[in-house]
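A quick write-up on the structure given underneath.
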Amino acid sequence: MTWVRSGGMGADTMAAPIPELHIDLSQQEPIPPAGVAAALALMQSGKLHRYGETDGKLSPVAALEAAFAAELGLPYCVALNSCGSGMFVALKSAGVMPGDAVLSNCFTLAPVPGALAHAGARPVLVDVCDDYTIDLDDLARKARSSGAKTLLLSHMRGHICDMTRLSAVCAEHGLALIEDCAHTMGAGWDGRATGTWGLAACFSLQSYKHANSGEGGLLVTSDPDLAARAILYSGSYMFYAAHGARPDEAVFERWKYSTPNFSLRMGNLPAALALPQLGPVLADRGRRWNQRYHWLSQALAGAPGLQLPERPAKEQFVASSLQFSLPGLGREAIQRFLALCAARGLHIKWFGADEPKGFTSVWQHWRFFGEPQVLPNAERVMAGLCDMRLPLTLSESDCQAIAAVVHESLALLLPSGGPNQAAAGQGFSRGPGRPG
């Protein structure tokens, strides 16, 4: 059985058998020609390190820092070798000491717990709502009980919580907010960009994110002392004056003798690749990503047993991926569903697996934290959570074909419509911690 798309898919629409897909969900668009030309010129010059001792010219990394700071309307930006390095440096620069409690939402990827471990912090994990965002009621409870003074908030897979309400919780409990914006470059809440809500924020330039330099991270802040410490931690030696969006010399004087060099700085080559991907290019990518999210989410609507999260009107997301849940299916049925999809060439990630796989892991896998923390809603939500990248190389017909495979695979498992059919395609309840 299969499905065709003509304004919508449904169980009553029959067509020819679905062929095996030949769609690579990790395929990237080419680097813009300006980035390729800049990279070639750099390789011909050999000046790949960001600091030069004699020429005094603005390096590509410094230019990237200045451009990204201006794009967000913030005074300071520090380029690092990854977003994970940026989060570690942000925690250290914010004054987090070994043993300090730090709050963090449990639904995230391994670089976030890695940054906490790197800083020596004691993680206090916060539960997740049905729509994949942080449970703000659980955050308030754990802020009171843990004594934590820092929140490392992950906008996981681009799902943005009610940032106005989160800011109020942070203010009430004296929490310094550090945002992990690996999945939200160009996104915002109620007209305000992610990365501008707290003390500091970290963005990713990894290939699968919104600007592709292979790897890289950008730390932004309005705090001059945090910025100076981050520049010194990143590995500036005494070349901090060569940074493109930095505080004044006097701020460095407060920190340069007490801040170690962790050698986490970005080189010129990834900066040269990334710089032409900001501005209009980034905005255009956001529009095209959301178009693909709309195509696929519309085509998935009505699939038996499948639920998509609600996206509030105030959430200006940039959907480089799509998540859905199969709350009525048990583990064996989900494994069978994934196998059916894979047999047709559609490889879907699953957060409910017993073992970490590829980029995908959950808090029970992070044994370096000690005994797994009890997170009742997360256990239920993660058990049925599926995840797909949305590369910009997807066409509308590709999205229709992907949805057809999902529809057919679920129909084979749930031929009578299956559990939650009445709710399928209608979106989740906001779950605990979200206003109605």
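The values are calculated or read from the model by the stated rules, or taken from the named source; none is laboratory data. Please read all numbers here as calculations on a predicted model, not as lab measurements. Using ideal geometry, Cβ is built from the backbone for each residue, glycine included, and neighbour counts are taken over all protein chains shown.
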All positions within region 89-115 that are part of a helix (DSSP H, G or I) and closer than 17 Å to Leu226 by Cα = Val89, Ala90, Leu91, Lys92, Ser93, Ala115
What pairs can you find where one residue is in region 300-313 and closer than 21 Å to Thr133 by Cα, the other is in a loop (DSSP other than H, G, I, E, B) and aromatic (Phe, Trp, Tyr), and their Cβ atoms are less than 8 Å apart, with a gap of 6+ or different chains?
-> Gln307/Phe428; Leu308/Phe428; Pro309/Tyr132; Pro309/Phe428; Glu310/Phe428; Arg311/Phe317
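Looking at region 235-256, can you tell me whether even one residue there is assigned to a helix (DSSP H, G or I) and in contact with a strand residue (DSSP E or B) (Cβ under 8 Å, 6 or more places away or on another chain)?
At the first step, the residues of region 235-256 found to be assigned to a helix (DSSP H, G or I) are 240-242, 249-255.
Restricting the remaining residues to those that are in contact with a strand residue (DSSP E or B) (Cβ under 8 Å, 6 or more places away or on another chain) gives none.
Among the residues of region 235-256, not one is assigned to a helix (DSSP H, G or I) and in contact with a strand residue (DSSP E or B) (Cβ under 8 Å, 6 or more places away or on another chain), which makes the answer no.
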Boolean, Ala353 is assigned to a helix (DSSP H, G or I) and under 21 Å from Ser321 (Cβ atoms) = no
Whichever residue in region 355-370 is surrounded by 20 or more Cβ atoms within 10 Å (Cβ to Cβ) and modelled with pLDDT of 85 or more and, among such residues, is nearest to the chain's Cα centre (by Cα) = Val362
Using the structure shown, decide if Gly114 is over 18 Å from the mean Cα position of the chain (by Cα) and surrounded by fewer than 23 Cβ atoms within 10 Å (Cβ to Cβ).
-> no
Within region 319-331, restricting attention to residues that are at pLDDT 95 or above and outside any loop (DSSP other than H, G, I, E, B), which residue is surrounded by the fewest Cβ atoms within 10 Å (Cβ to Cβ)?
-> Ser321
Does at least one position in region 191-210 carry a residue that is of a type in the set (S, T, N, Q), crowded, with 24+ Cβ neighbours inside 10 Å, under 22 Å from Gly244 (Cβ atoms) and under 16 Å from the mean Cα position of the chain (by Cα)?
-> yes
Return yes or no: is Gln291 under 20 Å from the mean Cα position of the chain (by Cα), outside the structural domain of Gly214 (by TED's automatic domain parsing) and free of Cβ contacts under 8 Å to residues at least 24 places away in the same chain?
-> yes
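One residue is enough: does region 220-229 have a residue meeting the conditions of a type in the set (Val, Ile, Thr) and closer than 30 Å to Leu322 by Cα?
Step one: list which residues in region 220-229 are of a type in the set (Val, Ile, Thr), which gives 220-221.
From what is left, the residues that are closer than 30 Å to Leu322 by Cα are 220-221.
Yes; the residues of region 220-229 include at least one that is of a type in the set (Val, Ile, Thr) and closer than 30 Å to Leu322 by Cα.
Taking Pro276, is it out of contact with any Ser or Thr (no Cβ under 7 Å at 6 or more places or on another chain), touching a residue at least 60 places away in the same chain (Cβ under 8 Å) and either among the basic types (Lys, Arg) or in the same structural domain as Leu72 (by TED's automatic domain parsing) (or both)?
Details: out of contact with any Ser or Thr (no Cβ under 7 Å at 6 or more places or on another chain): yes; touching a residue at least 60 places away in the same chain (Cβ under 8 Å): yes; either among the basic types (Lys, Arg) or in the same structural domain as Leu72 (by TED's automatic domain parsing) (or both): yes.
Here the answer is yes, as Pro276 does meet what is asked.
So that you can scan it fast, the table gives a plain yes or no per residue for (1) part of a loop (DSSP other than H, G, I, E, B); (2) surrounded by 21 or more Cβ atoms within 10 Å (Cβ to Cβ):
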{"position": "Gly345", "(1), (2)": "yes, no"}
{"position": "Pro372", "(1), (2)": "yes, no"}
{"position": "Met382", "(1), (2)": "no, yes"}
{"position": "Leu412", "(1), (2)": "no, no"}
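Looking at Asp131, Asp138, which is the one that is surrounded by 21 or more Cβ atoms within 10 Å (Cβ to Cβ), part of a loop (DSSP other than H, G, I, E, B) and in contact (Cβ under 8 Å) with a residue 24 or more places away in the chain? Explain how you work it out, then say what you get.
Details: Asp138 fails: part of a loop (DSSP other than H, G, I, E, B).
Answer to the check: Asp131.
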Pairs, first within 18 Å of Asp284 (Cβ to Cβ) in region 183-208, second buried (at least 19 other Cβ atoms within 10 Å of the Cβ) and among the aromatic types (Phe, Trp, Tyr), C-beta under 7 Å, six or more apart | Met185/Phe203; Ala187/Phe317
Lys47 fails exactly one of the following numbered conditions: (1) in a loop (DSSP other than H, G, I, E, B); (2) crowded, with 24+ Cβ neighbours inside 10 Å. What is the number of that condition?
-> (2)
Odd one out for Asn268, checked against (1) touching a Pro at 6+ places or on another chain (Cβ under 8 Å); (2) at pLDDT below 95 = (2)
Just checking, how many residues over region 142-182 are aliphatic (A, V, I, L, M), closer than 24 Å to Gly217 by Cβ and free of Cβ contacts under 8 Å to residues at least 40 places away in the same chain?
-> 3
Checking Ala274 against (1) more than 28 Å from Glu53 (Cα to Cα); (2) not in a loop (DSSP other than H, G, I, E, B), which test does it fail?
-> (1)
Selected residue (criterion: modelled with the lowest pLDDT) from residues of region 292-313 that are surrounded by fewer than 21 Cβ atoms within 10 Å (Cβ to Cβ) and over 18 Å from Ile160 (Cα atoms) | Gly302
Please work out if Gln316 is modelled with pLDDT of 95 or more, of a type outside the set (Gly, Ala, Ser), in contact with a Lys or Arg (Cβ under 7 Å, 6 or more places away or on another chain) and within 30 Å of Gly114 (Cβ to Cβ).
-> no
Do you know which residues across region 152-197 are among the polar types (S, T, N, Q) and closer than 24 Å to Pro111 by Cα?
-> Ser154, Ser167, Thr184, Thr194, Thr196
